[in-house]
Amino acid sequence: MPCPLEVPDGLMFGKWKYEMPNGSPVFIAFRSSTKKNVQYDDVPDYKDRLSLSENYTLSIKNARISDEKRFVCMLVTEDDVSEEPTIVKVFKQPSQPEILHQANLLETEKLQMLGECVSRDSYPEGNVTWYKNGRVLQPVDGVVVINLQKMVDRTTGLFTMTSSLQYMPTKEDVNAKFACIVTYYGPSGQKTIQSEPVVFDVHYPTEKVTIQVLPQSSTIKEGDNITLKCSGNGNPPPQEFLFYIPGETEGIRSSDTYVMTDVRRNATGEYRCSLTDKSMMDSTTITVHYLDLQLTPSGEVTKQIGEALPVSCTISSSRNATVFWIKDNTRMQTSPSFSSLQYQDAGNYVCETTLQEVEGLRKRQTLKLIVEGKPQIKMTKKTNTNKMSKTIICHVEGFPKPAVQWTVTGSGSILNKTEETKYVNGKFSSKIVIAPEENVTLTCIAENELERTVTSMNVSAISIPEYDEPEDRGGDNSEKVNDQAKLIVGIVVGLLLVALIAGVVYWLYVKKSNDAKGKSEKAAAQNFPSLPRQEKHFFFVIGVVVCIIFYCLVIHAK
């Protein structure tokens, strides 16, 4: 504390004192200006704590609360005594506040002690304020009750502030941060220190229950496992529930989950869960999708060629299903229909169906169709271009594949071994080349498990010309021939209709001309010889055309 007085001329000595509360002085330090010596008074409270410099600045170390006094600097000359006071203020920053005696948990709708905020060793005394999520908590009757106590240590003179908070929480206080702040004064003005924030576990009753289906899939199919999960929005959440299953009148007590394995379609329905006291309930609807396929007939089926075979693929499903057929690994455009079975109808048929909205729901059944037939034989012959040999072909049809044998009756040499074409759709052919020196008879024998068929053909000697029979070129050529036949018949019928229409038009024209000339309609119709020459020529031409068309039809039929 510098002496506030200016050192005058003729100074004899300087002294420092402080004033007691009753105003009486207590001298504590003396310094002579002439002898340069310093003396400290015997004051126990300041023993070994004082220091007085040459310019009469008084220093006090280890400041105490008791040092907050009115100190006076005195400068004495022969003629005068000057005094000037200095007011000393002492401050002590409090410790960081702590929230002690914290509640283990808070229950809604119940006023309870949240905790105590304690800040120690403050001077002068401070003030405590409670905050929630950074906002000041103001006292509210029955909701927020704050009680502040201040205690002073008689030895140190320091203050301890204790503020208790009673609080009635709500659900919104979940995860809320509570803190307290101590406001105190220092040399530079007002300051604050905040405690560490505290979060309390807030308990509140369940107000709503919710049922869920796990896994959360939009579609459930037969064979799946289903887990029902029931939850309440209280804290702590309820641990037991009642589950109501379709067909069960009483609830099934369980934890928050209920598991159903390998569900079937009869599990479709409404599922509910409630608290054990049945006070709250929630429900959900589960649809178990299914897909059934019935193929009739199925498995391995053996039929005779030409027989009818009704095939049906019946679908039963929880939604519209997509059905398609596959034959020998190739997708078919239409469903199979067999009014007269052919060898090409044989194969492996698969009827497959899927529910596109339900992943993994697919069914399929297989029909292995076997078409059997007794061997059928047709023989053809032709003279080879070299005119030295003839080729005899045995066209065979049947299933199982017939074995073919040849026999020759007469004189002739077999020029090469028997050759067979590929067996396709129950058909193949076997041929031999022969150079007969005289008329011979060739016999083709075809035999399978069903029957033995024998067909013979007479073949003239190579030196004798004979009519060559055309080869059977199979189904494709037959279809072409049929198409050509249909085209020819269509042309012929068209020509016939054109001729008929032309005749009718010409007849009407002649009739009109005859009416103009006054001839009788009846005479013209009944007396053909009396017709004009043009009409006779026309009907003659019409008759010739009709005869030609009729002849063409007869020739084509042959």
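The table below lists the values:
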{"item": "Formal net charge of residues neighbouring Tyr18 (Cβ-Cβ distance under 15 Å; K, R +1; D, E -1)", "result": "0"}
{"item": "Under 19 Å from the Asn62 label point (7 Å along Cα→beta-carbon), backbone N, the range 19-52", "result": "28-29, 40-52"}
{"item": "Heavy-atom accessible area ranking, 1.4 Å probe, most first, across Met12, Met280", "result": "Met12, Met280"}
{"item": "Label zone at Asp80 (point 7 Å along Cα-to-Cβ), backbone N below 15 Å, the range 7-40", "result": "7-13"}
{"item": "Proximal lysine pairs, the range 1-141, alpha carbons under 16 Å, eight or more residues apart or interchain", "result": "10"}
{"item": "Theoretical FRET efficiency, 1/(1+(r/R0)^6), r = Cβ-Cβ of Leu500 and Thr249, R0 60 Å, to 0.05", "result": "0.10"}
{"item": "Cβ charges +1 (Lys, Arg) and -1 (Asp, Glu), total dipole of the range 55-128, debye", "result": "340"}
{"item": "At R0 = 51 Å, FRET efficiency that the Cβ-Cβ distance of Gln102 and Glu54 yields, to 0.05", "result": "0.30"}
{"item": "At most 16 other Cβ within 10 Å, DSSP loop - trypsin sites (Lys or Arg not before Pro), the range 202-236", "result": "Lys208"}
{"item": "Leu497 accessible area, 1.4 Å probe, all protein chains in place, Å² to nearest 10", "result": "100"}
{"item": "Restricting the range 5-58 to trypsin sites (Lys or Arg not before Pro) in coil, as DSSP defines it, with at most 10 other Cβ within 10 Å", "result": "Lys35, Lys36, Lys47"}
{"item": "Accessible-area value, Asp80, 1.4 Å probe, nucleic acids and ligands omitted, Å²", "result": "90"}
{"item": "Gain on full stretching of the segment that runs from Thr409 to Met113 - 0.36 nm per residue minus C-alpha separation", "result": "94.0 nm"}
{"item": "For Met113, solvent-accessible area (1.4 Å; no DNA, RNA or ligand), Å²", "result": "80"}
{"item": "Accessible-area ranking of Arg253, Arg272, largest first, probe 1.4 Å", "result": "Arg253, Arg272"}
{"item": "Estimated FRET transfer efficiency (Thr418, Gln212; beta-carbon r; R0 60 Å; 0.05)", "result": "0.20"}
{"item": "Sparse-neighbourhood loop sites, GluC sites (Glu not before Pro) in the range 177-257 - DSSP loop, at most 11 other Cβ within 10 angstrom", "result": "Glu207, Glu240, Glu248, Glu250"}
{"item": "Cut-off 17 Å, label 7 Å out along Cα→Cβ of Glu196, residues of the range 101-144 by amide N", "result": "101-104, 115-120"}
{"item": "Alpha carbon centroid spacing (whole Å) that separates the range 175-201 from the range 61-101", "result": "29"}
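The values are calculated or read from the model by the stated rules, or taken from the named source; none is laboratory data. In this text, all values refer to a predicted model and were calculated from it rather than measured experimentally. Ideal geometry is used to build each Cβ from the backbone, glycine not excepted, and the neighbour counts take in all protein chains shown. The protein model used for the area step is the full one, side chains on, heavy atoms only, and it has no ligands, DNA or RNA in it. Shrake-Rupley method; radii C 1.70, N 1.55, O 1.52, S 1.80 Å.
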